[in-house]
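The next block holds one structure in the form of structure tokens; read it before the comments.
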Amino acid sequence: MATDKSGWPEGDEPKNEDRRVRSTPEPLNIDPADIDPALGTLAWTRFATILDAQKSSGQEGALLVVDLDQSSRSIVTMTDENRNEILPLLADALRRAIRSSDLVAHLDACRFAVLLRGAAQETAGTIAERIHESVANTVFLMSEGIAALSVDVGGAFFGPDRSIDGEILQVAIANLHTAQHSAVRTELG
């Protein structure tokens with residue numbers, strides 16, 4: 001995959017399209033009380049409210065669900081202490097991989113939700129790949145030593161031209177399960 005000078009994959013935007021003319025998501029008013037102080041992620045209740053507002057407004061976007069893959073899960077499930085050490089580092093790796101207008105929330109265990117506000121399908125795929133690379137390139141230093149982690153990503157798109165059967169979170173989780181049980185690390189649909 002070709003990368004630019006900063007190391008990120010090239011080709012985020014379709015050729016011949018000026019991204020400056022596309023509409024951008026409205027800025028959000030996030031209260032400090034909406035942020036999980038331990039992880040630096042958005043509280044799930046606020047995240048879900050924003051997700052519902054995005055879907056009902058007819059804007060396009062994507063919801064990604066990110067979870068540790070099977071090889072990483074054994075490291076984290078050894079003890080709850082390990083999970084508490086890794087979660088803030090994993091949340092930070094996710095925040096570094098997304099755009100400034102995107103949001104991250106902790107779902108449960110080592111699973112996070114990422115809302116890609118206004119993201120086209122190509123952009124969501126690129127960001128999912130950045131998430132994989134960000135986690136793989138992060139040094140997770142635990143009390144027992146260094147842990148190498150990787151993730152699987154499932155996602156679902158929404159927008160005016162897309163109808164989703166069922167709740168978008170359930171669709172994204174189902175796509176995550178598909179990715180976890182196949183050779184593909186990402187399943188977006």
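The values are calculated or read from the model by the stated rules, or taken from the named source; none is laboratory data. Model, not experiment: these values are computed from the prediction. Here Cβ is always computed from backbone atoms with ideal geometry, including for glycine, and neighbour counts include all displayed protein chains. These accessible areas exclude ligands, DNA and RNA; they are computed on the full protein's heavy atoms, side chains included. Shrake-Rupley method; radii C 1.70, N 1.55, O 1.52, S 1.80 Å.
Note down the net charge around residue 66, summing +1 for each Lys or Arg and -1 for each Asp or Glu among other residues with Cβ under 9 Å from its Cβ.
So the environment of residue 66 carries a net charge of -1.
So, counting K/R as plus one and D/E as minus one, what does the shell of residues with Cβ under 13 Å around residue 137 add up to?
-1
Pop out the ³J(HN,Hα) list for segment 107-112 in order, Karplus 6.51 cos²θ - 1.76 cosθ + 1.60 with θ = phi - 60°, rounded to Hz; leave Gly and Pro as x.
Residue by residue, segment 107-112 yields 8, 6, 6, 10, 9, 10 Hz.
Work out from phi, with θ = phi - 60° and the Karplus expression 6.51 cos²θ - 1.76 cosθ + 1.60, the ³J(HN,Hα) of each residue of segment 139-147, listed in order in whole Hz, and give x for Gly and Pro.
Working through the residues one at a time gives 8, 9, 8, 10, 4, 8, x, 8, 10 Hz.
Can you sort 182, 143, 150 by 1.4 Å-probe accessible area, starting with the largest?
Descending order: 143, 182, 150.
Per 0.36 nm of contour for each residue apart, how much would the distance between residue 31 and residue 109 grow if the chain were fully extended, relative to their Cα-Cα spacing?
Full extension from residue 31 to residue 109 adds 25.6 nm.
Answer rounded, prolate or oblate for segment 87-189, using the Cα gyration tensor with square roots of eigenvalues a ≥ b ≥ c: rounded when a/c is under 1.5, else prolate when a/b is larger than b/c, else oblate.
Taking the square roots of the gyration eigenvalues as a ≥ b ≥ c, segment 87-189 is prolate.
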